[in-house]
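Single-structure report; data block below.
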Amino acid sequence: MGPKLINIKDISTKGLRIKDDLGFTLLEAVVAISILCVGLLALASMQVACIRGNAFASGVTEGTTLAADRLEKLIALPYTHSDLSAGDHTAANAPSGHSIAWNVTDDSPLNDTKIINVTVTWTDHGAQKSVSMRRIVPRII
């Protein structure tokens with residue numbers, strides 16, 4: 001005789017837990033939502049930091065552009081122009097919220113040269129910010 005077949009209905013499931021219900025328990029849902037909320041809060045704080053960083057970078061870019069523009073205008077002037085006389089100068093037509101100033105030093109570092117130092121300042125969230133650029137201009141004879 002061959003092997004005896006066992007009827008599946010004869011096997012006792014006593015002591016065994018058969019989980020045939022589908023879905024999540026309330027506790028699992030609360031834990032999952034809590035983890036999601038922590039992640040979203042971290043993402044929101046990173047977003048705020050990125051916006052602040054972009055605003056700061058925008059201010060620095062604008063200040064650098066203004067300083068470079070003023071320096072190029074000064075370099076294009078004749079060597080004896082009044083804006084290139086030794087001393088401190090300020091721009092009368094600076095954009096709102098910015099001030100543009102430059103200092104000229106004669107015969108430095110060599111004779112017949114001038115050092116032009118342009119500084120742009122502005123206020124960002126109550127803090128004073130500035131960008132400076134320096135150029136040595138020779139007298140061309």
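Kindly establish whether Lys4 is over 26 Å from Gly97 (Cβ atoms), part of a helix (DSSP H, G or I) and modelled with pLDDT under 90. Criteria not met by Lys4. Give the residue that is nearest to Ser99 (Cα to Cα), with candidates limited to residues of the range 126-141 that are out of contact with any Leu (no Cβ under 7 Å at 6 or more places or on another chain) and among the hydrophobic types (A, V, I, L, M, F, W, C). Residue satisfying both the conditions and the ranking: Val131. Taking each residue of the range 124-141 that is touching a residue at least 24 places away in the same chain (Cβ under 8 Å) and looking for partners that are of a type in the set (Ser, Thr, Tyr) and not in a strand (DSSP E or B) with beta-carbon atoms closer than 8 Å, six or more apart or interchain, yields Val131/Thr64; Met133/Thr64; Val137/Tyr79; Arg139/Tyr79; Ile140/Tyr79. Which of the residues belonging to the range 76-99 are under 25 Å from Pro138 (Cβ atoms) and either in contact with a helix residue (DSSP H, G or I) (Cβ under 7 Å, 6 or more places away or on another chain) or among the aromatic types (Phe, Trp, Tyr) (or both)? Leu77, Tyr79, Asp83, Leu84, His89, Ala91, listed by residue number. Note down all Cβ pairs under 9 Å where the first residue falls in the range 41-61 and is closer than 19 Å to Ser132 by Cβ, the second is of a type in the set (A, V, I, L, M) and surrounded by 10 or more Cβ atoms within 10 Å (Cβ to Cβ), and they're at least six residues apart or on different chains. The qualifying pairs are Val60/Val131.
The values are calculated or read from the model by the stated rules, or taken from the named source; none is laboratory data. Just so you know, these numbers come straight off a predicted model, no measurement behind them. FYI the Cβ positions are ideal-geometry reconstructions off the backbone, even for glycines, and counts take in every protein chain you see.
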